[in-house]
1. Determine which member of the set A:I372, A:I366, A:I324 is among the β-branched types (V, I, T) and on the phi > 0 side of the Ramachandran plot.
2. Would you check if A:I390 is within 22 Å of the chain's Cα centre (by Cα) and touching a residue at least 24 places away in the same chain (Cβ under 8 Å)?
3. Which of (1) over 30 Å from A:L156 (Cβ atoms); (2) in a loop (DSSP other than H, G, I, E, B); (3) in contact (Cβ under 8 Å) with a residue 12 or more places away in the chain does A:F41 not meet, given it meets every other one?
4. Residues in the range A:103-125: is at least one surrounded by 15 or more Cβ atoms within 10 Å (Cβ to Cβ), touching a residue at least 40 places away in the same chain (Cβ under 8 Å), within 14 Å of chain B (Cβ to nearest Cβ) and out of contact with any strand residue (DSSP E or B) (no Cβ under 7 Å at 6 or more places or on another chain)?
5. With the structure loaded, tell me whether A:Y267 is in the same structural domain as A:C429 (by TED's automatic domain parsing) and buried (at least 21 other Cβ atoms within 10 Å of the Cβ) or whether it fails that test.
6. Condition test on A:E87, is it within 14 Å of chain B (Cβ to nearest Cβ), modelled with pLDDT of 95 or more and either under 27 Å from A:Y205 (Cβ atoms) or part of a loop (DSSP other than H, G, I, E, B) (or both)?
7. Going through the range B:15-34 one residue at a time, which ones are more than 19 Å from B:K99 (Cβ to Cβ), part of a helix (DSSP H, G or I) and within 13 Å of chain A (Cβ to nearest Cβ)?
8. Please determine, by comparing only the residues of the range A:144-175 that are away from chain B (no Cβ under 14 Å) and over 29 Å from the mean Cα position of the chain (by Cα), which one is farthest from A:T106 (Cα to Cα).
Amino acid sequence: MNERRVVVTGAGVVSPFGAGKDVYWSNLKEGKSAASLITSFDVTDLPTKFFAKAPLTEIDLENLIEDRKSVKTMSRASKFAMIATQEAVKDSGIETDMIDPYRFGTSMGTSGIGLWDLEYSNRFLELVLNSVRSETEKEQAFSKVWHNMMQNLHPLTPLKALPNIPTAHLAIKYNARGNCQTISTACTSSSQAIGEAYRQIRNGYADVMIAGGSDSHTNPNGIVAFSMLGVLSKNNEEYKTAARPFDSRRDGFMIGEGAAVFLLEEYERSKKRGADIYAEVTGYASTNDAFRLTDEPPDAGGSIRAMELALECAKTNKSSVDYINAHGTGTKMNDKNETYAIKSVFGEDAYSIPVSSTKSMTGHLIAGAGCIEFAACLMAVKDQIIPPTINYEVPDDLCDLDYVPNFSRDAKVSIAQTNSFGFGGQNACLLIKKI
Amino acid sequence: MDTQVNNQIKNNDIGIKLVSIISDALRIAKENILPDTRIITDLNAESLDVLDIRFSIEQEFGFKIGEHEIFDAIGDGMSPAEFSELFTVSYLTEFVDKKIQSLTADQ
């Protein structure tokens, strides 16, 4: 049996620019920043006071969801996932009730901490404060807090926290009864979710997969947690241009939020129904550094191996890669190591491949990063335009590739690659090809 | 539709509040929630919806409802299917009404 080919026939996006793939892509093409100062909670005592939040209230999101009852068990990230999926399914033109439900699957990259959405955080703090009215009450306070939570928090709240709930909502809505997986590997989650979905179809376990990811950390806990790890930019003065990957002045990333979801389909099946094809998914690999949780190994071995294996999987000649959407977080370490890894893989050719970090515009979507950057690759292949790395002004000696500075570029893009690296030593790489 | 009974609900504060709670929980228009509407059988309420409704009643009326209290109040030894058949809006109204009366009597 010939190896089954896998194509993308639908795409949906919720980005820090708003709902919809067109809004996302037009902002990327124009090199716009989604940065804004945080006003939804008090940041007086926080080191970072900006993020890239989608301009969508919870009510806006609920109004975009077709099955209204399901929203009560959805975190913000889960709502993003549903909205992006609705768009992807419509975009694909597929009739989901014509798919064999047992050969129809779902694969999503998520963080699963929807419990920390703003509403819950505020309610939790309020309960804690109410439970402790005086210094002397502190000792019994904890049991009081747990009791108050049991009595006063909405009983469906815990469902929002489970990582697999966004995926489950998609499976229920579209009657996808086949393989259902949720991958939670920090910043590589959704790249792996797409890659593993590709493998499901290629290896014959499914014909159609809904695949992508979603995340939201634009809440106090997100800012606090990533600040504690020291990875966020603190350049509040210049917040509009603070996300500046590969620039020597970079001081960390900006938190973003959103989702991107795709309809992956077996090629012959998509041809039979006359579907429009964005691109073929040709290569995927994931590796682990097996080194340290937050340091990358000096030889960048894991990320190099992920790229090489993905290229091997795609049977692609290294010199034929037309565009790399870098992980490019904008931390000192990532950008230097990723540049080194790309040069190790591509040799001299590395200097002639455009490499951009769209995180300069959207911020870092964490579990949603890989998928939204995969969307950028699809659009690049579809429109033959490479999105830029914005806010790039001062070169860094250790980052000396063509980062497509500040302006998008018309270019022949037949093969595109996207990299994702994450805490825990996670590495993933995806390759797509124009059909 | 039983207009007489529906008017009873309309004239009943508890009933009005419950219809509103059920409507919110199930995202179903209020006019589709009648006294003899069975919450599980007719409105397709899931177990998590029942949790949701119970919590909203507690918040609205200011008392706690035990985990099995609504179920048990209908009668012992009933199967979940039998319970679903009997669990109507007017039953729930009566349950809340009795609960309020017993709490008032306690005071």
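The values are calculated or read from the model by the stated rules, or taken from the named source; none is laboratory data. In this text, all values refer to a predicted model and were calculated from it rather than measured experimentally. Cβ coordinates were reconstructed from backbone atoms using ideal geometry, including for glycine residues, and neighbour counts include every protein chain displayed.
1. Unique residue meeting the criteria: A:I366.
2. Values: within 22 Å of the chain's Cα centre (by Cα): yes; touching a residue at least 24 places away in the same chain (Cβ under 8 Å): yes.
Here the answer is yes, as A:I390 does meet what is asked.
3. Of everything listed in (1) over 30 Å from A:L156 (Cβ atoms); (2) in a loop (DSSP other than H, G, I, E, B); (3) in contact (Cβ under 8 Å) with a residue 12 or more places away in the chain, A:F41 misses just condition (1).
4. Checked against the condition, which is being surrounded by 15 or more Cβ atoms within 10 Å (Cβ to Cβ), touching a residue at least 40 places away in the same chain (Cβ under 8 Å), within 14 Å of chain B (Cβ to nearest Cβ) and out of contact with any strand residue (DSSP E or B) (no Cβ under 7 Å at 6 or more places or on another chain), the range A:103-125 yields no hits at all.
5. On the way: in the same structural domain as A:C429 (by TED's automatic domain parsing): yes; buried (at least 21 other Cβ atoms within 10 Å of the Cβ): no.
Judged against the criteria, A:Y267 is not a match.
6. No: the conditions fail for A:E87.
7. B:S23, B:D24, B:L26
8. So the residue we want is A:K144.
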